[in-house]
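The values are calculated or read from the model by the stated rules, or taken from the named source; none is laboratory data. Computed from a predicted structure; not experimentally measured. As a convention, Cβ positions derive from the backbone with ideal geometry for all residues, glycine included, and neighbour counts pool all protein chains shown. Please note that ligands, DNA and RNA were not included when accessible areas were found on the heavy atoms of the full protein model with its side chains. Shrake-Rupley method; radii C 1.70, N 1.55, O 1.52, S 1.80 Å.
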Amino acid sequence: MSVATFAQPIRRALRGDFVRDGAIVFVSATAVNVVNYAIHFILSRKLGITEYGAFASLMSGLAILSIPASIMSLVVVKFVAEFNAVNDRSKIRVLTQRVLIVGFALAMVCVVLAGGLRNAIAGYLHLRDSSSVVAAAFTLSFALMLPTVRGVLQGTQDFGALAISSSSEAIGKIALAVAFAYAGFGVPGVFAGYALASALNMVYTLLAVRKHWDSSPTRLAIDTRRLLQTMGGVIIGTSTMTVMGFVDVPLVKHFFDATDAGIYGAVSVCGKMLLFIVGFIPMLVLPKATHRASHGRAPGTVLLQGLLMTFAFALCGLAVFYIAPQLVVKVTYGAAFLPAARFIFAYGVAMSLLAATNVVVSYKIGLHRYNFVVPLIALAILEPLGIHLFHASLWEVIDVLIAGNALAFGLCMIGTPFAAPVGKIATGPIVPEIAV
């Protein structure tokens, strides 16, 4: 086989809308990450240690409580991508409206509960002002609604509007939160700024979503079995990938002394830069795979494009880790953490493999193929067990991660469909005859 023949599918994969959409989402995701870091950089200096600690504790709680929204957003992306593939815009409208009703109801429950439990929560977290709890609850209310609405933009592949929605919210948050903090409103003011920025962004996002609606009457019928399969696949995929990405840090904290645990914490953060940098790629893969399969076209090109882009970013990052590991650690953590430098390349390899696995999982969710569930559950159990058995040094821990993540990638690739579907679309029946 000639070099030209071998390179032809790679050239084909790098053409078209995947790279263009990827550039849009990558730029917006990078902007959001930079702004989010800047928020903490500014507020930690303005609020002081005590107040910043209150802010950080509430933010951690919001991150945990908003996990269901992240899961539901992927479910919305999946079904909207199917409706969009057959140009059924009226069903996109009805699904969006139902999602908004459910999200609004959950948001109101959170606000009411926070109002009733504000003193108890403030006491548990040792907060000086219980109004911070209520303000944070309003922020949570939008965190429960916005991701699912943005899922409509992702499912319709309107990545330009999606990028504007996510980046403008981040910019609005830093502008309003910092302004309220410097105006003397403290932590409650910061969260009030967050909530106001999200509210304004919700208006834009809904206007952007409305462009994909059709006002013609329709019945939205969801196959309950299919819905449960999708939710189960998304929940297991999200949960197992989270476990495999983060379980090593607390285990190292348990098995090693404080110094080694601190060094490993720095290794983890540096290495996970690669995981976060390519986090936008699964956002492209899921709806594009669904769209191609629904039109009887080979979806494998999307997976190839996603993996090529993932490994391209990973190789660039790994090159930096290999050539200048001490510079990476020194810039990120300072000279005291330089012993971490010798580990970050190997840890980056483990995270690159995990990122590639995430791309394959997103691809299979888009095609309604959930044979990745059993392998990922097994690896989510085996990796922590492996660290329990092999932790004579930090190198052994990282070796377990590399082996486990490589095995996860290989097992998830088994049975992956690449060819165009024969007969009925690969995603199967979207809507049954009986309306619910």
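Structure data summary
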| quantity | calculated |
| --- | --- |
| Residue ID - least open to solvent (accessible area, probe 1.4 Å), chosen from residues in segment 25-60 that are under 28 Å from Gly155 (Cβ atoms) and of a type in the set (Val, Ile, Thr) | Val25 |
| Val34 vs. criteria among the β-branched types (Val, Ile, Thr), closer than 26 Å to Ile171 by Cβ and assigned to a helix (DSSP H, G or I) | yes |
| Selection within segment 89-128 - over 28 Å from Phe138 (Cβ atoms) and either at pLDDT below 85 or open to solvent by 70 Å² or more (accessible area, probe 1.4 Å) (or both) | Arg89 |
| Matching entry among Leu153, Leu140 (being of a type outside the set (Lys, Arg), open to solvent by less than 30 Å² (accessible area, probe 1.4 Å), closer than 19 Å to Leu106 by Cβ and assigned to a helix (DSSP H, G or I)) | Leu140 |
| So Ala435, is it part of a helix (DSSP H, G or I) and modelled with pLDDT under 95 | no |
| Residue check for Thr224: open to solvent by less than 50 Å² (accessible area, probe 1.4 Å) and touching a residue at least 24 places away in the same chain (Cβ under 8 Å) | no |
| Check on Thr240, farther than 20 Å from Ala378 by Cα and either touching a helix residue (DSSP H, G or I) at 6+ places or on another chain (Cβ under 7 Å) or open to solvent by less than 30 Å² (accessible area, probe 1.4 Å) (or both) | no |
| Lone unmet requirement of (1) in contact with a helix residue (DSSP H, G or I) (Cβ under 9 Å, 6 or more places away or on another chain); (2) within 20 Å of Leu207 (Cα to Cα); (3) open to solvent by 40 Å² or more (accessible area, probe 1.4 Å) for Ala81 | (3) |
| Residue list for segment 326-340, filter: surrounded by 15 or more Cβ atoms within 10 Å (Cβ to Cβ) and either in contact with a Phe, Trp or Tyr (Cβ under 9 Å, 6 or more places away or on another chain) or assigned to a loop (DSSP other than H, G, I, E, B) (or both) | Val328, Val329, Lys330, Tyr333, Ala340 |
| Qualifying positions in segment 68-113 - without any contact (Cβ under 8 Å) to a residue 12 or more places away in the chain and part of a helix (DSSP H, G or I) | Gln97, Ile101, Val102, Ala105, Val109, Val112 |
| Ala177 over 27 Å from Leu376 (Cα atoms), open to solvent by less than 10 Å² (accessible area, probe 1.4 Å), touching a residue at least 12 places away in the same chain (Cβ under 8 Å) and within 20 Å of the chain's Cα centre (by Cα) | no |
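One line per residue, one yes/no per condition, for (1) over 21 Å from Ser44 (Cα atoms); (2) modelled with pLDDT of 90 or more; (3) of a type in the set (D, E, K, R):
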{"position": "Ser168", "(1), (2), (3)": "yes, yes, no"}
{"position": "Lys173", "(1), (2), (3)": "no, yes, yes"}
{"position": "Ala179", "(1), (2), (3)": "no, yes, no"}
{"position": "Gly189", "(1), (2), (3)": "no, yes, no"}
{"position": "Ala195", "(1), (2), (3)": "no, yes, no"}
